[in-house]
Amino acid sequence: MNDAVIIGGGLGALFTGAFLSKEGYKVTVLEKNRIIGGGLQCFTRHGDVFETGMHILGGFCSGGSLHKICSYLGIINKLSIRHTDEDAIDSITYLSDKKTYRIPQGKEAFIHYLSLEFPEEKEHIEAYVNELYELSEEVDLFYLRKGPNHIFSHSEHFLWAADRLIKHYVDNPQLQDLLAYMNPMYGGVAGCTPAYIHALINVLYINGSSLFNDGSQQLADLLATIITDAGGEICVNERVVEIAVENKSVSEVKTEKGKSFKADTYISDIHPCSLLELISPDAFPRSYRNRLMEIPNSYSAFTVYIKFKENSFPYINHPCYYQENYSMVWKLAEYDEKEWPKGFMCLTPPTKQQGIYANRMIVNCIMDFKAVDRWKNTTVGRRGKDYEEWKQTCRERILDKLELLYPGIGEMIDYSFASSPLTIRDYYGVKEGALYGFQKDCRNIALSQVALFTKVKNLLLTGQNVNLHGICGVPLTAIETAEAIIGQGIIIDKINKNYNSR
């Protein structure tokens, strides 16, 4: 039996470990926190469960890539998932004109709805949406097809900036803004984010979105069970402090507790810049180290967690996006202490016995790490009074904005609390609290392309900094990492064969 040690216990680690476990590998996952899952992790406050990251799911509807993957892994029927409303997978409200758009599920419904709202743009909308789907078809992995994934062998619009693609098809400034409402879902930046990233995310969610009942931890736990049932091990509270390299190969991994782990293959699921801190300087060429350090990171977020009084706030079966005005969607991450926030996403996570009233709400406001730069050298619980006061001010501002959207909501809240980009940085162990890892930049796409192979023979990478990110992108990258070990196309073939036989 082959052995594999995976550093980090996030989404990428667990999917990669599950795939390898199905192929007969004995997998050991080393996680620094007491809970596995990365963005899937949940935590408890006053007896209530809150999610830390994975709130909205794409690809879990029948025929979707995640539905196929989880069917192959034997866990799809064990997951408790609730699909969003077909007539409103998302709603977007602009305070300036008190207009709310309700985005329906499905390509044709999406085109029809927006054409009714902007009849003068009907032909442009249809052409734009068709282009999104055509761009997504260029990424074989997205559809679980075998094929080349070379970033440079694609159509002209593939590496355009996302905002340029929208403006190429659509003239109305309000519609341009509306079509970019999903930016917070993938770290979108004007003039920077490639059109193919914009297309993949939009197609993924237009095809249908879902929410976890009672939190996302269930997916992490089910993936962990696949690993342990195959003879593997999940080691929590096991922070890796050193990756020893001899003759261009990893010889062992050492943890803070003084333990040593050895294997044939080693896989890193942590941020590449965090990996550099654990491995000897001569393991990688200086040029490789410098390039990783130079890649800009995506923005972070400030999050408010709300617990409602019983039977007070109605449950909403889809995410709700809010913006103060049009033309702001590409600027939401910019931090101005006087004007922040200019927009956010909020949702009411469902429970298995979900009724007409919500139990909780999560409000997510994207935020540049620069907002907390003055406290970057502090640790959890020791950030100082000024930080706590700043965080309290930010939380109150968000609650004030919620009051404009939902008058009287303040009286319905039992309690609330918040987390900042520093929380994300320290909890997930990611540089600058980056929600989506490295920022993809169409102006220099080669810079942000990180290969899953490294210069260390038996060390590979997985996770959101390699290839694609998010609830769909990370499992797809995990397939690539696993297939780099067992053979290209093997897992994809098995996933499709399993699904087609059902």
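The values are calculated or read from the model by the stated rules, or taken from the named source; none is laboratory data. These numbers were taken from a predicted model, which means no experiment stands behind them. No Cβ is skipped: glycine too gets one built from the backbone with ideal geometry, and neighbour counts run over all protein chains shown.
Values computed for the structure shown
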{"quantity": "Segment 407-418 residues that are assigned by TED's automatic domain parsing to the domain that holds ASN311, paired with ones that are surrounded by 14 or more Cβ atoms within 10 Å (Cβ to Cβ) and not in a strand (DSSP E or B) (beta carbon under 6 Å, 6 or more apart)", "calculated": "ILE409/LEU402; MET412/SER312; MET412/PHE313; ALA418/LYS391; ALA418/ARG395"}
{"quantity": "Residue check, GLN464 polar (S, T, N, Q) and surrounded by fewer than 19 Cβ atoms within 10 Å (Cβ to Cβ)", "calculated": "no"}
{"quantity": "Among the residues listed as LEU460, LEU435, LEU468, LEU447, the single one being among the hydrophobic types (A, V, I, L, M, F, W, C) and modelled with pLDDT of 95 or more", "calculated": "LEU460"}
{"quantity": "Qualifying residue in segment 251-268 (condition: of a type outside the set (Gly, Ala, Ser) and within 22 Å of the chain's Cα centre (by Cα))", "calculated": "yes"}
{"quantity": "Inter-residue pairs, beta-carbon under 7 Å, first under 18 Å from GLY343 (Cα atoms) and in contact (Cβ under 8 Å) with a residue 40 or more places away in the chain and in segment 353-381, second surrounded by 13 or more Cβ atoms within 10 Å (Cβ to Cβ) and of a type in the set (D, E, K, R), 6+ apart", "calculated": "ILE362/GLU51; ASP368/GLU334; PHE369/GLU432"}
{"quantity": "Selection status of ILE243, crowded, with 19+ Cβ neighbours inside 10 Å and within 30 Å of ILE76 (Cβ to Cβ)", "calculated": "no"}
{"quantity": "Pairs where the first residue, in segment 267-279, is closer than 15 Å to ALA13 by Cβ and without any contact (Cβ under 8 Å) to a residue 24 or more places away in the chain and the second is in a loop (DSSP other than H, G, I, E, B) and among the basic types (Lys, Arg), C-beta under 6 Å, 6+ apart", "calculated": "none"}
{"quantity": "Qualifying residue in segment 16-32 (condition: surrounded by 18 or more Cβ atoms within 10 Å (Cβ to Cβ), over 24 Å from ALA484 (Cβ atoms) and more than 19 Å from the chain's Cα centre (by Cα))", "calculated": "yes"}
{"quantity": "Residue in segment 242-252 that is basic (Lys, Arg), out of contact with any strand residue (DSSP E or B) (no Cβ under 8 Å at 6 or more places or on another chain) and in the same structural domain as ILE485 (by TED's automatic domain parsing) present", "calculated": "yes"}
{"quantity": "Segment 177-223, residues that are touching a helix residue (DSSP H, G or I) at 6+ places or on another chain (Cβ under 7 Å) and hydroxyl-bearing (Ser, Thr, Tyr)", "calculated": "TYR186, THR193, TYR196, SER216"}
{"quantity": "Test result for TYR305, within 20 Å of PRO407 (Cβ to Cβ) and modelled with pLDDT of 95 or more", "calculated": "no"}
{"quantity": "Search result, residues across segment 197-233 that are of a type in the set (D, E, K, R), within 20 Å of GLY39 (Cα to Cα) and part of a helix (DSSP H, G or I)", "calculated": "ASP221"}
{"quantity": "Elements of type strands (runs of 3 or more DSSP E) in segment 283-390, at least 3 residues being of a type in the set (Lys, Arg) and farther than 19 Å from ILE56 by Cα", "calculated": "none"}
{"quantity": "Test result for VAL430, closer than 30 Å to ALA283 by Cβ and within 22 Å of the chain's Cα centre (by Cα)", "calculated": "yes"}
{"quantity": "Residue in segment 182-204 that is farthest from ARG360 (Cα to Cα), counting only those that are surrounded by 24 or more Cβ atoms within 10 Å (Cβ to Cβ) and hydroxyl-bearing (Ser, Thr, Tyr)", "calculated": "TYR196"}
{"quantity": "Some residue of segment 253-276 being among the small types (Gly, Ala, Ser), buried (at least 22 other Cβ atoms within 10 Å of the Cβ) and in contact with a Pro (Cβ under 9 Å, 6 or more places away or on another chain)", "calculated": "no"}
{"quantity": "Scope segment 171-187; condition farther than 17 Å from THR93 by Cβ and modelled with pLDDT of 95 or more; matching residues", "calculated": "ASP171, ASN172, PRO173, GLN176"}
